[in-house]
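First up is the structure itself, then whatever we jot down about it.
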Protein chains: 4
Amino acid sequence: MNAAIRAVVRWGQQLGLEVIGVRHGFAGLISGEHVPLTLRDVGDIIHRGGTILQTARSDRFLTPEGQAEAMATARRLGIEGLVVIGGDGSFRGAKRLIELGLPTVGVPGTIDNDIAGTDVTIGFDTAVNTVVDAINKIRDTATSHDRTFVIEVMGRHSGWIAIVAGLAGGAESILIPEHPLPVEEVCERLKRGFARGKRHSLVVVAEGAGSGFEVGEQIKQRTGFDVRVTVLGHVQRGGAPTASDRVLASQLGARAAEILARGESGKMVGIEHGTVVERDFDDVIGKPKPIPLELVRLAEGLAV
Amino acid sequence: MNAAIRAVVRWGQQLGLEVIGVRHGFAGLISGEHVPLTLRDVGDIIHRGGTILQTARSDRFLTPEGQAEAMATARRLGIEGLVVIGGDGSFRGAKRLIELGLPTVGVPGTIDNDIAGTDVTIGFDTAVNTVVDAINKIRDTATSHDRTFVIEVMGRHSGWIAIVAGLAGGAESILIPEHPLPVEEVCERLKRGFARGKRHSLVVVAEGAGSGFEVGEQIKQRTGFDVRVTVLGHVQRGGAPTASDRVLASQLGARAAEILARGESGKMVGIEHGTVVERDFDDVIGKPKPIPLELVRLAEGLAV
Amino acid sequence: MNAAIRAVVRWGQQLGLEVIGVRHGFAGLISGEHVPLTLRDVGDIIHRGGTILQTARSDRFLTPEGQAEAMATARRLGIEGLVVIGGDGSFRGAKRLIELGLPTVGVPGTIDNDIAGTDVTIGFDTAVNTVVDAINKIRDTATSHDRTFVIEVMGRHSGWIAIVAGLAGGAESILIPEHPLPVEEVCERLKRGFARGKRHSLVVVAEGAGSGFEVGEQIKQRTGFDVRVTVLGHVQRGGAPTASDRVLASQLGARAAEILARGESGKMVGIEHGTVVERDFDDVIGKPKPIPLELVRLAEGLAV
Amino acid sequence: MNAAIRAVVRWGQQLGLEVIGVRHGFAGLISGEHVPLTLRDVGDIIHRGGTILQTARSDRFLTPEGQAEAMATARRLGIEGLVVIGGDGSFRGAKRLIELGLPTVGVPGTIDNDIAGTDVTIGFDTAVNTVVDAINKIRDTATSHDRTFVIEVMGRHSGWIAIVAGLAGGAESILIPEHPLPVEEVCERLKRGFARGKRHSLVVVAEGAGSGFEVGEQIKQRTGFDVRVTVLGHVQRGGAPTASDRVLASQLGARAAEILARGESGKMVGIEHGTVVERDFDDVIGKPKPIPLELVRLAEGLAV
């Protein structure tokens, strides 16, 4: 996220914009928590995980009163346009502000990669690499001991992290909400592998497809195998961003500043086919981003 | 472990020893699973996690019959001396073999660091760094969101990983089996911190001091804070070993080969005060390795 | 590369192909160095850097005699189709084999990303992340001391690594062969930054745009600044591959096996717009892959 | 370093001390650049590389006038005691201040590990791990290609980084200033290894034992081997500190605050045999810290 903030500030300044930062998301917009963001303020932040502006949920902003307060603050602070970095919920809020008269542009920033209109969201590549790194480490010990390992990864409604990290990590089975795989079948596969001489296996489970501990318990009961469980949790949300995430954030942040500078609004910036694109909020909000079946088949086919 | 195997092989060969590897621990000693280990066989393994010889539990070896079988195999293979890399259980097995006539030397290899007679065990530094890396990542997101994070780390009977990683990671509270800290007190501390303006906290829990999910649940109920849990599991057992672990493994493996070469037995090699030492198995097996109170106090004092 | 080999083997086997590996590239094809590659042989290699098949240059293969020998070996070994993983030179060799009657498919594997017909080559993302990681570390010390740092990265004919890693790392200046930037201008920029209060700077130099030490020396002489140089060298070629590189290699390797299985030849597989594509060798070999000017401008604009 | 600053502040406050930070070292002490350091100011810094107080060389402080100015500033700011984190040069400065009446305690912080009176200095473990990580990556490609690699590491007067990282990385030859190894002998060894079938080799060179490029050139000329060179430079000075470095820094920083709090001065804190010790500056400044011959022999013996 920091790379996107940096890009908005620096590219914005080149375009003649003055940029301030609103802390703690919509909650901060209501309460007026803001900081000036000059060229120097965004120096040496490109490599930091998290966001210098912090985030927060705001129940109040979901109410018309909260939204009116946010608008009032924006006017008081002289905010003429807003860049919102976040996911589907953030964009819904952004749309509300547009309706109330505040030009707003969206930048897709969520590790879940579940935003339509962009091939990938900021944070996804970093999260996937963190999961793959964990899989690597478990694999080291998996080959030393002969065991089955279950790794629960993030993704309440989406299996993007699970499928991509599972494919990259060489997981034997991947459970995602989009293509539910019955535990019985996972167990059958594990047993077939065992019969063929495979002595250890890795099962990746997206939160939305079940709890790691529950899946592990079921496998243990059905196969009698020794099963160990890892729940990565918020480890997936932090860490120095990968190169790819920083380049993406830089591209999208710069374009978001451009859109506001040319007086437009109501759009999300995204990357498609390697090119920065602009999408109407209406074509993005609430729209699904299905996982290509090809990826699922490839993951299954290579994990024999 | 691989660095220790490499050192036994290469230093052993310099001393005129021929070295073979027994796979799958005592189970492999019973069944005779062995591989030749030449200079080349241990090339390019120093940086790999896990162990090229793999490990396994052996219930059979716990019986007199199993031990007799292991001795028979050792004689058949012409094994004149054995280097056992492992923890307390492995050393108990080693002692049994000595009593049956097989010269054996122990090398302390366990991530838990719970072996007396050595300042540190092989694998501990790597495991601690893995935990600290996870804490770093959680910290990134902790400062962005305002939340309490619980991380469960390994250590069923020992809080070494928890205390050292917690100190290094700047955790607010550390729960270890050796110095149980009631959850009420943890909660009091979290509330005091919150009252002082501290918006996020990290709690590290050693397995032996409670389950991460249970501790998290209790904190949530007592404080009302938003709590998220990570269970690192076997991620802690893998990964490329740190420099310090490789140097230690090289030193201890070389010395173990020396002890056998000079016809001695019944000892564990260790590091004390930066120097390689030799300890009688009897001074090591079943002996506690208490965590210095100084470390606990330092961790508490710095986590204000 | 290992992920690509794994994909060819596993996907190939699903398609009914029997796969063997040729070691040491075309040199090994001449001399007949081959290994069987079963499902198990490619287990636990997806996370390893380098390639299990090793590589080598072969001057002999550049001659008609060498090529004839390679064909003879291929016939003797019963090779009915070949997957060549490499860059432009490898594909030229592949084309020669096709002309001699051996069906061959190319997979773009080079850290330089200088192959047309694919958005990205296998290895590029890993190399860029290694460079960015080095830049991060230098940045830590750059902000502590006040100095100018020069980092020489790979890229004899192409500035892809330099521009992407420089953009992601927040480098102040990036020197690439495609858009030569006179050292005088780099120095002017450094001086302007210094005048504005910028106390440290990072300059990334692609090999093809000059030697890091020479550029460093010139900056020192023209500005009087304290300059330190890093030459990363082959550090960029190794390391566990990133998630993105593994997914790409899996996709391309699988498709390459498919092409041979359906009896086709003369194509390179690539990724364009997130989709696997097939390109005629003639549209790829010797063709340039220019760096988008947009990226260069973005890097410059954000590095104010 | 940040972990040490954090420990001085937090432990100091527990002891009733008020702590301020002097930026840019002795130069900042002369000019009075200081910042308050409260509990919160040192929150979330334990994992950052570099130092939040920055460093600088000060020629002026080497003169009696400069020292008098520093003393005047210290008095003006009400500084009653000083903790100096650094190496031999810093401690010489510290001693001068003591002579002029300012109680001062030293904390050994240098990646070079060349300070007597402590087993290890803050920063050393991190630097060594960075070098070992680079060696790992080069090793990946070394086993794929058949080549000789030279890595130049830091250490102008001391081979500590080279010997420990070389041992941990499994380097074939290690050149350090303390035990000069003629290039002829390095070449002989490389040739012997080649004759035995060893196709790639890693040579680690400490700055003080020669330039990486020069050593590489000599090897190329004497052996005809294909040689590639890496000069890691300041990459070694940055990066998130290892667990071990953070624990050490926490221990030493806390003790330094204690010494000042009990009204003592003129000491360096160090770690010996795992225990924090206090040494008179006179027993430390200008004293050598020789590399144990045992380590050199082990490195040579294991690199056959």
Looking at residue C:55, is it modelled with pLDDT of 95 or more, within 30 Å of residue C:159 (Cβ to Cβ) and out of contact with any Phe, Trp or Tyr (no Cβ under 8 Å at 6 or more places or on another chain)? no
Apart from one, (1) crowded, with 18+ Cβ neighbours inside 10 Å; (2) facing another protein chain (nearest Cβ under 10 Å); (3) closer than 27 Å to residue C:49 by Cβ all hold for residue D:199; the odd one out is (1)
Verdict on residue A:117 being small (Gly, Ala, Ser) and touching a helix residue (DSSP H, G or I) at 6+ places or on another chain (Cβ under 9 Å)
yes
Filter segment D:99-134 for residues that are β-branched (Val, Ile, Thr), outside any helix (DSSP H, G or I) and within 14 Å of another protein chain (Cβ to nearest Cβ); the one that is farthest from residue D:234 (Cα to Cα) is D:118
Determine whether segment B:121-130 contains at least one residue that is surrounded by fewer than 24 Cβ atoms within 10 Å (Cβ to Cβ) and not polar (S, T, N, Q). no
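This table checks each residue for (1) of a type in the set (Ser, Thr, Tyr); (2) touching a residue at least 12 places away in the same chain (Cβ under 8 Å).
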| residue | (1), (2) |
| --- | --- |
| A:237 | no, yes |
| A:256 | no, yes |
| A:261 | no, yes |
| A:265 | yes, yes |
| A:292 | no, no |
Within segment C:206-244, the residues that are more than 14 Å from chain D (Cβ to nearest Cβ), among the small types (Gly, Ala, Ser) and part of a helix (DSSP H, G or I) are C:208, C:209, C:243, C:244
The correct count of residues that are more than 11 Å from chain C (Cβ to nearest Cβ) and either surrounded by fewer than 17 Cβ atoms within 10 Å (Cβ to Cβ) or part of a strand (DSSP E or B) (or both) in segment D:45-63 is 4
A careful count of residues in segment A:243-290 that are over 16 Å from residue A:14 (Cβ atoms), aliphatic (A, V, I, L, M) and touching an Asp or Glu at 6+ places or on another chain (Cβ under 9 Å) gives 8
Scanning segment C:253-304 residue by residue, those more than 13 Å from chain A (Cβ to nearest Cβ), touching a strand residue (DSSP E or B) at 6+ places or on another chain (Cβ under 9 Å) and at positive phi turn out to be C:266
Taking segment C:49-87 and the residues there that are touching a residue at least 60 places away in the same chain (Cβ under 8 Å) and in contact with a Lys or Arg (Cβ under 9 Å, 6 or more places away or on another chain), the one that is nearest to residue C:284 (Cα to Cα) would be C:50
Subset of segment D:3-24, residues surrounded by fewer than 23 Cβ atoms within 10 Å (Cβ to Cβ), closer than 25 Å to residue C:147 by Cβ and either without any contact (Cβ under 8 Å) to a residue 24 or more places away in the chain or out of contact with any strand residue (DSSP E or B) (no Cβ under 7 Å at 6 or more places or on another chain) (or both), comes to D:24
Of B:142, B:134, the only residue that is at pLDDT 95 or above and of a type outside the set (Val, Ile, Thr) is B:134
Condition set among the β-branched types (Val, Ile, Thr), buried (at least 23 other Cβ atoms within 10 Å of the Cβ) and out of contact with any Gly (no Cβ under 7 Å at 6 or more places or on another chain), scope segment D:152-185, selection nearest to the other protein chains (Cβ to nearest Cβ): answer is D:164
With criteria (1) closer than 23 Å to residue D:286 by Cα; (2) in contact with a Phe, Trp or Tyr (Cβ under 9 Å, 6 or more places away or on another chain); (3) surrounded by 18 or more Cβ atoms within 10 Å (Cβ to Cβ), residue D:92 comes up short on (3)
Quick count over segment D:284-296, residues being surrounded by 12 or more Cβ atoms within 10 Å (Cβ to Cβ) and in a helix (DSSP H, G or I), is 3
Expected single match for assigned to a helix (DSSP H, G or I), more than 10 Å from every other protein chain (Cβ to nearest Cβ) and either among the acidic types (Asp, Glu) or more than 18 Å from the chain's Cα centre (by Cα) (or both) among D:95, D:137 is D:95
- Task: State whether the residues of segment B:172-181 include one that is of a type in the set (Ser, Thr, Tyr) and either out of contact with any Lys or Arg (no Cβ under 9 Å at 6 or more places or on another chain) or not in a strand (DSSP E or B) (or both).
- Result: no
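The values are calculated or read from the model by the stated rules, or taken from the named source; none is laboratory data. Since the model is a prediction, treat every value here as computed from it, not as a measurement. Neighbour counts run over all protein chains shown; Cβ positions are idealised from the backbone, glycine included.
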